[in-house]
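Asker: What follows is a structure written as structure tokens; I'll ask about it next.
The values are calculated or read from the model by the stated rules, or taken from the named source; none is laboratory data. All figures in this text were calculated on a predicted structure; none of them were measured in a lab. No Cβ is skipped: glycine too gets one built from the backbone with ideal geometry, and neighbour counts run over all protein chains shown.
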Amino acid sequence: MELLQLALACLRVGTFVFGGGPALVPLLRDPVVFRYGWLTGEEFADAVALGQMTPGPLLVTATFVGWKVGTESGGAGMGLLYATVATVCIFLPSFFMTLAAAHQLGRLKGNPRVQRFLRGVEAGIVGLVAAAAVQMGQDALGGWVQAALCAAALAVLIRTKIEAGLVVVACGAVGLGLTLAGVMGGPPS
Amino acid sequence: MPGSTIVSLFETFLTYLRVGATGFGGPMALIGMLQQQFVERKKAISAAEFAEGVAIGQLLPGPIAIDAAVYVGYRLHGWLGAIAGAVGLILPPFLIMLVAAPLYFEVGKLPQLQGFFVGIRPAVVAVIAAASWRLGKKGLKDRAGFLIAAVVMALSLVFGHAQELARYVPAAEAIAPRVRDVGSIGLIVLAGVMGLLLPSPEAPAKGGDA
């Protein structure tokens, strides 16, 4: 049952991730964190970070989700199955849409209604992703050190061409150093 | 296609695997690597055809690089090529994530390592904020665009709040998860409909910024 929910959730997300990676965050967070509670907010943020640190599209964050849901329901074998299903399902919609569009590109691009709809979607994604940043910021920026780290990372990402994955790893290293030095306490566990 | 060479299905798949395994740096880096391999080195597909694949990727949902890879694969070898494109590009990150996820749940719980995660979470927030900044610079071209983005952002934040409210107001508990579930997808559809209805200056939209 959970496998079916996971497959459907990933298919739905895969159908609507306009603009690629960033839109994944708000879209996948809805079912994974809020509707089914498969991941905590912190785990989801970590999963996105892992997706960022690995090569390839951010959509492999779904692999992480599948692994967690599967292993919890029945060990590593289930983890592999669920991770595979989640990954296939999140990519499947864009696979078929691409092939369908391969013959229709001219008509799609020439259609003013399609154009206007997609321009609206493009603008909407900006707002959606911005809201996701605000919401995840509320969870992640508990202290001034975290806020400073976020501001510094944001400045680097906007002003330079340094890759996002590297920035994430660097911030992790800073966090590790600061907690080991006792400047910043880890979360109570 | 004058000057194009035939690349076997197997070689196509291997090329995708290589790009998938080394494709750090976001969608445009992946696109660049695919272009370098299939257009410049192997001359398997013309630059114009490749650009068409990228244009499809920008139009449709899903990662642009995957869409372009599927398109190029399809042009080279039909259905099998399309599958080779998708599987080849996704398999390496998929396998890496299958190693990373168990590691995260085993090693990641070590108290000594918590600082690492305390550090990456603010970074993720920054990555998402920077993505929205970049998308906004590209996608918000007129007043209608700003309006749509603002409305969607406000509604999305309210939907997030509904979940919090539900913690204190039992009556909202039943509705809040449903609101969230329709949430982001519903807002994307709303944004598209607003785009249809709101007046906007005739955009050139020739797909020049591929």
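Asker: Across the stretch A:1-22, which residue is nearest to A:Leu58 (Cα to Cα) among those that are of a type in the set (Val, Ile, Thr) and in a helix (DSSP H, G or I)?
Answerer: A:Val13
Asker: Against the condition outside any helix (DSSP H, G or I), free of Cβ contacts under 8 Å to residues at least 12 places away in the same chain and on the phi > 0 side of the Ramachandran plot, how does A:Gly75 come out, does it pass?
Answerer: When the stated conditions are applied, A:Gly75 does not pass them.
Asker: Additional query: When you look at B:Gly183, is it buried (at least 17 other Cβ atoms within 10 Å of the Cβ) and either modelled with pLDDT of 90 or more or outside any helix (DSSP H, G or I) (or both), yes or no?
Answerer: Spelling it out, it is not the case that B:Gly183 is buried (at least 17 other Cβ atoms within 10 Å of the Cβ) and either modelled with pLDDT of 90 or more or outside any helix (DSSP H, G or I) (or both).
Asker: Let me ask you something else. Does A:Ala47 fit the bill of being facing chain B (nearest Cβ under 9 Å), touching a Ser or Thr at 6+ places or on another chain (Cβ under 8 Å) and either under 23 Å from A:Ala173 (Cα atoms) or touching a residue at least 40 places away in the same chain (Cβ under 8 Å) (or both)?
Answerer: yes
Asker: So if I check each of B:Arg75, B:Arg121, which one is free of Cβ contacts under 8 Å to residues at least 12 places away in the same chain and not aliphatic (A, V, I, L, M)?
Answerer: B:Arg121 is the lone residue from the list that is free of Cβ contacts under 8 Å to residues at least 12 places away in the same chain and not aliphatic (A, V, I, L, M).
Asker: Being of a type in the set (D, E, K, R) and closer than 27 Å to A:Ala62 by Cβ, is that true of even one residue in the stretch A:111-120?
Answerer: No: the stretch A:111-120 contains no residue that is of a type in the set (D, E, K, R) and closer than 27 Å to A:Ala62 by Cβ.
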